[in-house]
């Protein structure tokens, strides 16, 4: 364990400015002070509101799907409407919620503070990312709601070329194109910031693991997203000009589109999960009040996942009839990703060992993450193995698998992160008991929703079905009950957060006992974060951080 | 595991009872993977629960921050999973290669997938039967009849978009891609009737693109083959058969109630003027029906401009077959009498 070289920047005693009267939230007032702000914290908060609204919308569509599937036929939606609804659900969740959730919302808020700097490297670029995101959102939602896009979020050709909802495909893909630029700019900004603006003392291996994860994510965003842009441009060109690359009627190959699409969209899965893993690394160590176990392995595994993640896209096409050699190679590469993911889980458990485990809302979400992500990861094994995948491909088994990873993983980690940093972002403490109740309901509801889907899938229930065989009905109904429970839990989480703004206690500087830099400035942080660049030591050295009952906060023992 | 998961509907927990030669390998691998998952998952959860309890924050207890790194443990939990996944990969890849190596001397079936029906053509040129099925969303489904204990090869193409041919009981799946032939083979091992699904999203009635596979004895198979090449002499009967066999019935209703599917109903239109999407009207007569079969988008009915486009049947139907279909549609003039 290294020792902190000298006390962190602000020399004022913790009691004196624990509850600042002047901070970034009231630094300036008025609509324009937010709309034109260059402050990464305000941009982060605006993203947070945006992604949470998107999530609520996508979640409503999910409930519509589950309610429709209560009966095996004659649900309350027509087949066509059902197809539009699952397209809306998938597209909104992927492009508007999961991809920007952690990096753009929490990443924007935290990255500069964790680095002890005033802002990201390019604040104007950061604001433009936000507006690109808003533009993409408007285009995308207009396309989806006005015209009735029904291609699924994957836009597979030739369906997307010949569907009569042609205008919708063009508008939605243009929306995706714009959203892609937002993602690229954010990634670029973070890479430059982390490379050039680390404070004295923060070597690469003294960086908080959240930053490692965001850094790995940013690399994927910058390298993979352009391919998505190319893909949707080619799709538009095919649709408008008939260039004959994807359309079999013009001698194109529809499977080529899948290769293009998944060359982005599989790495995008790691854009979704890596930052969530970063959050969990922070949460586990802070709430166990113990340094992270195997810091270097976690850091390296983030990078390994980012690199291997580029090489496995072919497993989305195992049944498409590609050459045997290709399938076998992609299967082998797919398994390489499982190892770094497993290492992380073991390390998080190792972090708990001999720690001092505080059970509170963020920690419960983190523990739920480990449980759910482990299931999500393990059920990837029969999908990565070729012969078993022939049975599971495009069934509910896959649906359950990726919901365990994306929702049980990323969403639950995101919620844990929001609860963890909420006092820092808003200056208010939430009702921890109610928060824990929300975590428990989410956990139960989630498992009740998606565990039955594994069974459904292995019994042969295909995905994207508006009607199904009667023998699947009991499990579908169980899943629907689970989804309503899950919805209630998530709603409670939202209520807990919003209530804190009304009647929450003022948050102290360091309510959980974190050792990274964001806990060294006030809650909420001042406009400039730090008056002078702080010097930092080990981000996971908790030996001199103790709870001080007089200020109701953890303080650094000097 | 069966004890917990099998419910009152199905006697099995995970996989449906198998009926092809792929079943042993796939089921074996899945079972092993399941147990590997259990062997990882259960200790992880137990450790998590135990650590939550044993190291919980409480007065007078302070954890020790020493355990931060242990080379032996870290190497172990990297190497052991690596060995395990290498084995899973190997087993999966070998099984897959067996699945994709098509043996000689197979019985070939031509499969055509289109929105939203499977069409099967046997190697004697006969086509599949459509029959009523119990307990399905769709009342009548195409029936693919296959002999038991033989190697069967599916030669599959698509008329329109991507589809995927999936028989859970055979553990067999392959996408059907327009613009090329995709192959799938299996060896049938057990007589019975099995579900066939489309598992690649293909539009409005994707979930109703179903069929049944009937695996029968060699003798029954030969009988079915002989029946498959026949089309009735009587034009009306022939039209009725084609209406189902060619998949018209998946979109166009011909029932008495006149309800519409993804395409306009045939019911009660004959001889009348019908409104078109472009605002004009057209006589619903032989020429209109013929044109609509060969060039479906030429005169779209009002309200169907945004419907999923129908494929052209040019080159797929003979003139006499079109005549038979016209006879059938004509018979729906006085609607109530015409059953579906």
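Where a number appears in this text, it was derived from the coordinates with a stated rule and is not lab data. Only a predicted model underlies this, so the values are computations on that prediction, with no experimental measurement involved. As a convention, Cβ positions derive from the backbone with ideal geometry for all residues, glycine included, and neighbour counts pool all protein chains shown.
Taking Cα pairs under 8 Å and at least six residues apart, what relative contact order does chain B come out at, in percent? So the answer I get is 14 percent. Computed over the stretch B:29-87, the P(r) curve from all C-alpha pair distances, binned at 5 Å from the origin, holds 4, 13, 15, 21, 18, 12, 9, 5, 3, 1, 0 percent per bin. Mean partner shielding of peptide A:73-85, defined as the number of other chain Cβ atoms within 10 Å of each residue Cβ, is 3. Please work out the Kirkwood hydrodynamic radius for the stretch A:200-337, using every pair of different C-alpha atoms, and report it in angstroms with one decimal place. About 17.0 Å, per the Kirkwood formula over Cα pairs.
Using only the Cα atoms of the stretch A:375-480, what semi-axes does the equivalent ellipsoid have when each is the square root of 5 times a gyration tensor eigenvalue? Give whole Å, largest first.
On the way: eigenvalues 219, 54, 18 Å².
For the stretch A:375-480, the ellipsoid semi-axes come out as 33, 16, 9 Å.
In what order do B:46, A:545 fall by count of nearby beta-carbon atoms within 10 Å, going from fewest to most?
Working: B:46 10, A:545 19.
Fewest-to-most Cβ neighbours within 10 Å comes out as B:46, A:545.
In chain B, the DSSP beta bridges split such that about 75 percent are antiparallel, to the nearest 5. Is the C-alpha gyration tensor of the stretch B:235-337 telling us rounded, prolate or oblate? Criteria: a/c under 1.5 is rounded; beyond that, a/b larger than b/c is prolate, otherwise oblate. Rounded. Across the stretch B:161-283, Cα-Cα pairs more than 16 Å apart make up 76 percent of the total.
Semi-axes of the equivalent ellipsoid of the stretch B:107-228: what are they in whole Å, largest first, if each equals the square root of 5 times a C-alpha gyration tensor eigenvalue? Please report the intermediate quantities before stating the final value.
Working: eigenvalues 89, 52, 37 Å².
Three semi-axes, in Å: 21, 16, 14.
By the count of neighbouring beta-carbon atoms within 10 Å, fewest first, A:41, B:273 end up ordered B:273, A:41. Enter the Cα centre distance for the pair the stretch A:74-127 and the stretch A:329-394, rounded to the nearest angstrom. When both Cα centres are located, 23 Å separates them. Taken as Cα centroids, the stretch B:72-146 and the stretch A:438-507 sit 31 Å apart, rounded to the nearest whole angstrom.
Rg to Rh for the protein assembly as shown: what is it, with Cα atoms only and Rh by Kirkwood?
Values: Rg = 29.8 Å, Rh = 29.3 Å.
With Rg and the Kirkwood Rh in hand, the quotient comes to 1.02.
Taken over the stretch A:412-558, the convex hull of the Cα atoms encloses 171 Å³ per residue. For the peptides A:386-393, A:328-335, the ranking by mean Cβ contacts within 10 Å, running from highest to lowest, is A:386-393, A:328-335. In plain terms, the bigger the Kirkwood radius, the slower the diffusion; for the stretch A:134-176, with that radius from Cα pairs, at 25 °C and 0.890 mPa s, Stokes-Einstein puts D at 246 µm²/s.
As a rough guide to protection, the peptides B:201-209, B:313-321, B:24-32 ranked by mean Cβ packing within 10 Å, highest first, stand as B:201-209, B:24-32, B:313-321. Work out the mean other chain Cβ neighbour count within 10 Å for the residues of A:472-482 and drop it here as an integer. Shielding by partners across A:472-482 averages 1. Rg/Rh for the stretch A:41-556 (Cα atoms only, Rh after Kirkwood) is 0.96. Provide the percentage of antiparallel DSSP beta bridges, counting only those with both residues in the protein assembly as shown; round to the nearest 5. Antiparallel: roughly 75 percent of the beta bridges in the protein assembly as shown.
Considering chain B, its Cα convex hull presents a mean projected area of 26.5 nm². Computed extension gain for residue A:243 through residue A:195, at 0.36 nm per residue and net of the alpha carbon distance, reaches 13.1 nm. Mean partner shielding of peptide A:296-308, defined as the number of other chain Cβ atoms within 10 Å of each residue Cβ, is 1. With Cα atoms as the point set, the radius of gyration and Dmax of the stretch A:242-321 evaluate to 18.9, 62 Å. Peptides A:289-301, B:274-286, B:292-304 ordered by packing proxy, namely the average of other Cβ atoms within 10 Å per residue, highest first: A:289-301, B:292-304, B:274-286.
Legend: Rg and Dmax of the stretch B:2-100, from Cα coordinates, 20.4, 64 Å.
Ranked by Cβ crowding within 10 angstrom, fewest neighbours first, how are A:481, A:161 ordered? Could you put the intermediate results ahead of the total?
Details: A:481 16, A:161 24.
Fewest-to-most Cβ neighbours within 10 Å comes out as A:481, A:161.
Counting 0.36 nm for each residue step from residue B:131 to residue B:298 and taking away their Cα separation leaves a gain of 56.9 nm. The value obtained for the stretch A:25-83, namely the Cα convex hull volume divided by the number of residues, is 115 Å³ per residue.
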